[in-house]
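The values are calculated or read from the model by the stated rules, or taken from the named source; none is laboratory data. Note that the structure is predicted; figures quoted are calculated from it, not measured. Here Cβ is always computed from backbone atoms with ideal geometry, including for glycine, and neighbour counts include all displayed protein chains. With ligands, DNA and RNA removed, areas are computed over all heavy atoms of the protein, side chains included. Shrake-Rupley method; radii C 1.70, N 1.55, O 1.52, S 1.80 Å.
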Amino acid sequence: MTAIISVTGLSKTYASGFRALDGVDLAIRQGEIFALLGPNGAGKTTLISIVCGLVKASAGSVAVAGHDIVRDYRAARSLIGLVPQELTSDMFESVWATVSLSRGLFGKPKNPAHIESVLRELSLWDKRHEKIMALSGGMKRRVLIAKALAHEPRILFLDEPTAGVDVSLRRDMWAMVRRLRDSGVTIILTTHYIEEAEEMADRIGVINNGKIILVDDTHQLMSKLGSRQLSVHLSTPMSSLPPSLADMSLTLGDEGHTLIYSFDSQGEHTGVPELLRALEREGIEFRDLHSSQSSLEDIFVDLVTPTREVAQ
Amino acid sequence: MNVHAVRAIYLFEMARMWRTLLQSLASPVISTSLYFVVFGSAIGSRMMDIDGVSYGAFIIPGLIMLMLLNESISNASFGIYMPRFTGTIYEVMSAPVSPMEIVLGYVGAAATKSVILGLLILATARLFVDYEVLHPIWMLSFLVLTAVTFSLFGFIIGIWADGFEKLQIIPMMIVTPLTFLGGSFYSISMLPPVWQTITLFNPVVYLISGFRWSFYGVADVHIGISVAMTLVFLLVCLALIAWIFRTGYRLKP
Ligand SMILES: Nc1ncnc2c1ncn2[C@@H]1O[C@H](COP(=O)(O)OP(=O)(O)OP(=O)(O)O)[C@@H](O)[C@H]1O
Ligand SMILES: [Mg+2]
């Protein structure tokens, strides 16, 4: 797969002296949905802003479809649509006027039919003559999406598109994102809802304290890091594991009241039946069984927490 | 050149003006009319002619300049300050447009409004006093040149300002006094010699003098100097804007 965006050694130190990005290398593949995860202040918006030309990089470079974002900014930017994190809009303008402006700004000739289809898809068609200040927050966010799509971008940045958005709109939005991806648009999104990233993204990147700490295929990430656990609550506590069970990946917890068995959730062979048979053979009685899967959320917290504590 | 972008910005800004047509045009026209009533008709009838021009007619070019400067600065500064304030500037900054195209769109729209306003005031003046325009082409050129120059200046203020007070402060504290002292209501030659010299440091003197020359063929300073000084100020503004975009001053963190 070819990289449509390649970020090399990107750093950003704001005028305040704060280092928001620290040597970021990242390649976004053509046509993928890429989710950028990270706690508040990790540098997600800063990274997006640099790629889109809103913030100057302190060091490093970014190429969009081979075009350097500084030297060849016209070619680079005309491929990109940006839906910013903040809800900012021209309050006194009509939906139609502001979305048409966006198309013009990106150098595209007028095309009312395209704008109509974008507005229809976002259920804004009936609102096209309304002033933006008369719209609800969720509709304003849709207007921002419409503006970003008005010039038919090949790359779409969605900076926390689902913040403050209700369930049905969120579903519509994801359906639209999938349709866009199917039509060949590359999508980079940030979100704090990890289930969303898990469900939507082809690949996931985790950023913390201005550094990319992990980039991986969503499925691989889940299987690599997403282990599953079976907790066996014992009737009588145990002081140590019986020798016959020693070679299974078992640990004793809860002062000997619980046996914890870890296994690969994606693997063919979970080993659970063997464990249960072994328990029976040894005459170990249990009251309850409980199985859990570490979600991306746990993985994420694991990744981010230690570095946070160090920073504090 | 991204012609679509320039046109989009320009038309968007012009649409904003049509929406606020009454405020944009009515208040300057009404306030200048008051000047004409008071200075042109009421007091003017008791005043001597200056350089062979009746006082009512004499003040027309100065009054138009007064309005033109204020309106150009406030239109252009507001036009760029508002998107910065609300945050919608992100879109212009992320669009494939060059600084020159952004300036063309915003400053072009602000200057257009000012020129329309100047012509409207000129027409209104007809209702109160008789005047003539000896050099209409020069008159129009001066009008456009001044509107463009001070719209550029307003654009700079709109980028520099980080609050609404600052948006007002330059027009109020600097431009209005300079215009009043720049010979809107009198000829520089009426001042004592020392003040005549001091006045020559006031850039507005050259604008008003040149503009008045295009009406009546009389001027405080030579027309060539007036044009040159205006162009110098235009170039200074352009250089400042080039610097703003090169450094990202107040636009790009
Ligand atoms: N203009 C600025 N000047 C100084 N510091 C800034 C500026 N913009 C952002 N920062 C700082 O840079 C860091 C990264 O900010 P950024 O907005 O990129 O975070 P984020 O990952 O998008 O966070 P969130 O999830 O809250 O949106 C933060 O600590 C922030 O305070
Ligand atoms: Mg952010």
For region A:38-95, the dipole about the Cα centre with charges only on Cβ (Lys and Arg +1, Asp and Glu -1), to the nearest 20 debye, works out at 240 debye
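Just need the relative contact order of chain A here, percent rounded to a whole number, with Cα pairs under 8 Å and 6+ apart.
Numbers: 527 pairs, mean separation 59.9, N = 312.
Relative CO of chain A lands at 19 percent.
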Counting helices only, and only those DSSP H runs with n ≥ 4, report the 222 nm mean residue ellipticity of chain A as the sum of -39,500 (n - 2.57) divided by its residues, in deg cm²/dmol to the nearest 500.
-10000 deg cm²/dmol
Which angle from 0 to 90°, rounded to the nearest 10, does the C-alpha axis of helix A:167-182 make with the longest principal axis of chain A?
80 degrees
Hits in region A:175-196: amide N under 19 Å from the 7 Å Cα→Cβ extension of A:D166, namely A:175-176
Most mobile of B:T197, B:T179, B:T146 per a Gaussian network model of chain B (Cα springs, under 10 Å)?
B:T197
Which one, B:F128, B:W138, B:L152, is farthest towards the positive end of the dipole of region B:87-232 when Lys and Arg carry +1 and Asp and Glu -1 on their Cβ?
B:F128
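Report the FRET efficiency, 1/(1 + (r/R0)^6), for B:I198 and A:A134, where r is their Cβ-Cβ distance and R0 is 51 Å, rounded to 0.05.
Details: r = 55 Å, r/R0 = 1.07.
For B:I198 and A:A134, the calculated efficiency is 0.40.
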Expected field for A:V167, accessible surface area in Å² at 1.4 Å probe radius, rounded to 10, holds 110 Å²
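On a 1.4 Å probe surface of the protein chains, which of A:W174, B:W243 comes out largest in accessible area, and what is the full order? Could the numbers behind the result be given before it?
Details: A:W174 20, B:W243 105 Å².
I get B:W243, A:W174, largest accessible area first.
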B:Y206 accessible area, assembled protein chains, probe 1.4 Å, Å²:
20 Å²
Three semi-axes of the equivalent ellipsoid, the protein assembly as shown, Cα gyration tensor, whole Å, largest first
69, 22, 19
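Let's test the formula: R0 of 25 Å, r as the Cβ-Cβ distance of B:T247 and B:I169. What FRET efficiency results, to the nearest 0.05? Walk me through the numbers on the way to the answer.
Numbers: r = 23 Å, r/R0 = 0.91.
Here the calculated transfer efficiency is 0.65.
Give me the net charge of A:G107's neighbourhood, meaning all other residues with Cβ under 10 Å from the Cβ of A:G107; Lys, Arg count +1, Asp, Glu -1. Walk me through the numbers on the way to the answer.
Values: positive: A:R74, A:R77, A:R103, A:K108; negative: B:E101.
In short, +3.
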What average count of beta carbons from other chains do you get within 10 Å of the Cβ of residues in A:75-87?
2
Could you tally the net charge around A:M91, taking each other residue with its Cβ under 13 Å from the Cβ of A:M91, Lys/Arg +1 and Asp/Glu -1?
+1
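Under 8 Å for C-alpha pairs, at least 6 residues apart: give me the relative contact order for chain B, rounded to a whole percent. Spell out each step's value before the answer.
Values: 297 pairs, mean separation 65.0, N = 253.
The value is 26 percent.
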Of A:K44/B:K252; A:K108/B:K113; A:K12/B:K252; A:K12/A:K44; A:K140/B:K166; B:K166/B:K252, which pairs sit farther than 22 Å apart, going by alpha carbon to alpha carbon?
A:K108/B:K113; A:K140/B:K166
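Based on the Cβ-Cβ distance from B:W160 to B:S187, what FRET efficiency comes out when R0 is 35 Å, to the nearest 0.05? Display every interim value, and only then the final one.
On the way: r = 34 Å, r/R0 = 0.98.
About 0.50, to the nearest 0.05.
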What residue among A:G137, A:G17, A:G66 has the largest mean-square fluctuation in a Gaussian network model of chain A, using Cα springs under 10 Å?
A:G17
Of B:L240, B:S41, A:L101, farthest towards positive along the dipole that unit charges on Lys, Arg, Asp, Glu beta carbons give the protein assembly as shown:
B:S41
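Can you give the helix-only mean residue ellipticity at 222 nm for chain B, where every DSSP H stretch with n ≥ 4 adds -39500 (n - 2.57) and the sum goes over all residues, rounded to the nearest 500 deg cm²/dmol? Intermediate values should be presented prior to the final figure.
On the way: 11 runs with 175 residues, N = 253.
Rounded to the nearest 500, it is -23000 deg cm²/dmol.
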Packing rank of B:43-55, B:120-132, where each peptide gets the mean count of other beta carbons within 10 Å, highest leading:
B:120-132, B:43-55
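Considering every residue in B:62-72, what mean count of other chain Cβ atoms within 10 Å of its Cβ is obtained? Walk me through the numbers before you get to the answer.
Details: counts 0, 0, 0, 0, 0, 0, 0, 0, 0, 0, 0.
The per-residue average across the peptide is 0.
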Size of the dipole of region B:3-247 about the Cα centre, Lys and Arg at +1 and Asp and Glu at -1 on the beta carbon, nothing else charged, in debye to 20?
340 debye
Averaged over its residues, how many other protein chain Cβ atoms are within 10 Å of peptide A:102-112's Cβ atoms?
6
Relative contact order, percent, region A:53-160 [alpha-carbon distance under 8 Å, six or more residues apart]
40 percent
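Counting only complete DSSP H runs, which helices of chain B cover 30 Å or more along their long axis at the Cα atoms and score a mean Kyte-Doolittle of 1.6 or above?
Span-like helices, by this rule, are B:136-160, B:223-247.
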Counting only other residues whose beta carbon sits under 9 Å from that of B:V97, what net charge do I get with K and R as +1, D and E as -1?
+1
If unit charges are put on Cβ atoms (+1 for Lys and Arg, -1 for Asp and Glu) and the dipole of region B:3-247 is taken about its Cα centre, the option from B:A111, B:I60, B:S98 lying farthest towards the positive end turns out to be B:S98
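So how much slack lies between A:D302 and A:Q220, counting 0.36 nm per residue of separation and subtracting their Cα-Cα distance, in nm?
Stretched fully, the A:D302-A:Q220 segment lengthens by 27.8 nm.
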Dipole size in debye (nearest 20) for the protein assembly as shown around its Cα centre, Lys and Arg Cβ +1, Asp and Glu Cβ -1?
2180 debye
How much accessible surface area, in Å² rounded to 10, belongs to the heavy atoms of A:H269 with a 1.4 Å probe?
140 Å²
Only Cα pairs within less than 10 Å get springs; with that Gaussian network setup on chain A, which residue of A:D22, A:D264, A:D254 has the largest fluctuation?
A:D254
